[in-house]
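Since the structure comes first, as structure tokens, the remarks are kept for the end.
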Amino acid sequence: MAKINRQTVSYLSRRFEEVGLNPNKRHGQNFLIDLNLLHLLVKSAQLNKHDVVLEIGTGMGSLTGLFAEQAAQVITVEIDQHLFQMASEELEIFDNVEMLKQDALKNKNQFAPEVMEAVKRHLAVDPDRVFKLAANLPYNIATPIISNLLRSDVVPATMTVTIQKELADRLVATPGAKDYGALSIWVQSICDVEIVRIMSPKVFWPRPKVDSAIIHIEHRPHRRAQFPDLDFFYAFVRAMFFHRRKFMRSVAISAFKGQLQKSDVDEVLVSLGHGPDARTEQLDVASMQALCEGFRVKLVEVTGEDRPQLVNQS
């Protein structure tokens, strides 16, 4: 079986020194150097020979190689030309790794089409293949990567990634907590989320200034199927948390300005038992779904459109 170099500080330092470079902070280049944690990430991803793995941030290819040993196919994306070249030399021993040198995102709301086309192409090889995300994600793009993948037409069965602890706390937050917000509700509404391990800065090179976490997210298609209009729910949740400290009524009036009258907003809120002092941050996922559906139905009634859009998005 093909083997990849062990990702240690001495190995990384030597390779960077050989090419006269330093890790690029702008691209979030913090390499996980604790070998036990590298293997924990791979184990938590629960890979098998039916899986097509998308990795964002190839780095030096150490994780890529571990994924390739277990999965049917790995598609790995690296934006940095120098890292791409160094990783290419490491990964040439694998025949089930496709490397893409580009940004994984087209913009903050969309994946680059080349990335998703590669995923679809490898999934089409066998009907039993399963799409999974596994990566040491660059922190500066972790939120749009997770959020947008859940909105794509090919949704990963699981996402197992390293992210900032602050973001992990947001993903698992409960109503009323300071970290609870639109992202918490969006992800929890269609997924189960678990923090696998909290990690200190010392397990990375260079060391970041914050703690990190390995998280494991499992998509639940039966929950997704319960939404009449998932895109509307996504827009609604973001709009309702745009002014999270305000009362729910004033936020809703602002969100539906030009679409619903104040009396329409009041009708929906009263029908769901929300008083004048209710705040969005107090609602659990199920209550937020019910609130969204109440407003969506009212908007259909007022506009006559089967799939109305929320105009005033954050």
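Just so it is clear, none of the values below were taken in a lab; they were calculated from the coordinates. What you see is a predicted model; the values in this text were computed from it and never measured. In this analysis, Cβ positions are derived from the backbone assuming ideal geometry, glycine residues included, and neighbour counts consider all displayed protein chains.
Computed quantities for the displayed model
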| item | result |
| --- | --- |
| Calculated FRET value between E218 and N107, using beta carbons and R₀ = 25 Å, to 0.05 | 0.40 |
| Hydrodynamic radius by Kirkwood, which averages 1/r over all alpha carbon pairs of the chain, in angstrom | 21.0 |
| Residues whose placed amide H lies under 5 Å from that of K106, excluding near-sequence neighbours | F111, A112 |
| CD proxy at 222 nm, helix term only [per DSSP H run n ≥ 4: -39500 (n - 2.57); per residue of the chain; nearest 500] | -12000 deg cm²/dmol |
| Farthest positive-ward along region 59-138 dipole, Cα basis, beta-carbon charges - from Q70, Q81, A134 | A134 |
| Spacing of the two label points (7 Å from each Cα toward its C-beta) at Q226 and E69, in nm | 4.0 |
| Fully extended contour minus Cα-Cα distance, from E194 to E98, at 0.36 nm per residue | 31.7 nm |
| Q282 paired with S88, simple spin-label distance in nm, labels 7 Å along Cα-to-beta-carbon | 5.8 |
| Gyration tensor (alpha-carbon) shape descriptor, region 69-215, a/c threshold 1.5 | oblate |
| Kirkwood hydrodynamic radius over Cα pairs of region 230-303, then Stokes diffusion coefficient at 37 °C and 0.692 mPa s, in µm²/s | 271 |
| Under Karplus coefficients 6.51, -1.76 and 1.60, residue-wise ³J(HN,Hα) of region 120-131 in Hz, glycine/proline x | 4, 4, 6, 5, 5, 5, 8, x, 8, 5, 10, 8 |
| Residues F247 and S152, FRET efficiency given R0 of 22 Å [Cβ-Cβ distance, rounded to 0.05] | 0.05 |
